[in-house]
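First up is the structure itself, then whatever we jot down about it.
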Amino acid sequence: MLSKPERVAFILQRLQTLYPEPPIPLQHKDPFTLLVAVLLSAQCTDERVNQVTPALFALADTPAAMAGLEVDQIREIIRPCGLSPQKSQAIKRLSELLLEEHGGEVPADMEALERLPGVGHKTASVVMSQAFGIPAFPVDTHIHRLAQRWGLSSGKSVVQTERDLKRLFPREYWNRLHLQIIYYGREFCSARGCDGRVCEICRTCYPERKHPKQTRKA
């Protein structure tokens, strides 16, 4: 078994080799459209979001235009993403607040983002890292699972896992690593495709692992 520093070094090197320039999976053109897309991605696949947002952004791709829509108009378009009643209300209200409090611009500030309706810590972290290039390490349940399989965190929550990953990896790698881990998980270490003993990183980090790795729930 590799030591933790050895695991960190190997994972960093392997992910950089596989995904040197990972693209942002959600289609967007600016911080506002990214914010809306990330909000829609809660409990929904990126693929489905990318199928829905073109129609929404054709109708309204600025806070002013979005605030001018009726909640039911937004809800009808985003219905395939699930949770459409809550998400449509949040999108309209956050658009209004961007106009009222931020001059119609998405703030490059974590606390300000987290105060917007429907925007939790993970969503705010994605916007900070991918829209503004400010180091953040968004952690969802998928990254939480891989961090446990790879022995990088034993945290019971995504909050603890984020803290552990930030401590282990240099700050300049955070934004890219978030995407690299997501892509690797989808391709090689998915919830059903690997149990901690199948993919290359799991096998390299824990060659002697005999039993499936049970993930502590986020």
* Asked: Going by the alpha-carbon gyration tensor, a ≥ b ≥ c the square roots of its eigenvalues, is region 82-157 rounded (a/c under 1.5) or, if a/c is not under 1.5, prolate (a/b greater than b/c) versus oblate?
  -> oblate
* Candidate lysines for bridging to Lys122, where Cα separation is under 21 Å - those fewer than 8 sequence places away on the same chain excluded -> Lys29, Lys87, Lys92, Lys156, Lys166, Lys217
* Asked: Separation of region 89-161 and region 39-57 by C-alpha centroid, Å?
  -> 16
* Mean separation of Cα contacts under 8 Å (6+ apart) over length of the chain, as relative contact order % -> 21
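Gain in length, Asn50 to Glu114, computed as 0.36 nm per residue apart minus the alpha-carbon separation, to one decimal in nm?
On the way: separation 64, 0.36 × 64 = 23.04 nm, distance 2.33 nm.
Result: 20.7 nm gained on full extension.
Readers should treat all values here as calculations from the given coordinates under stated rules, not as data from a laboratory. Keep in mind that what you see is a predicted model, and the values were worked out from it rather than measured.
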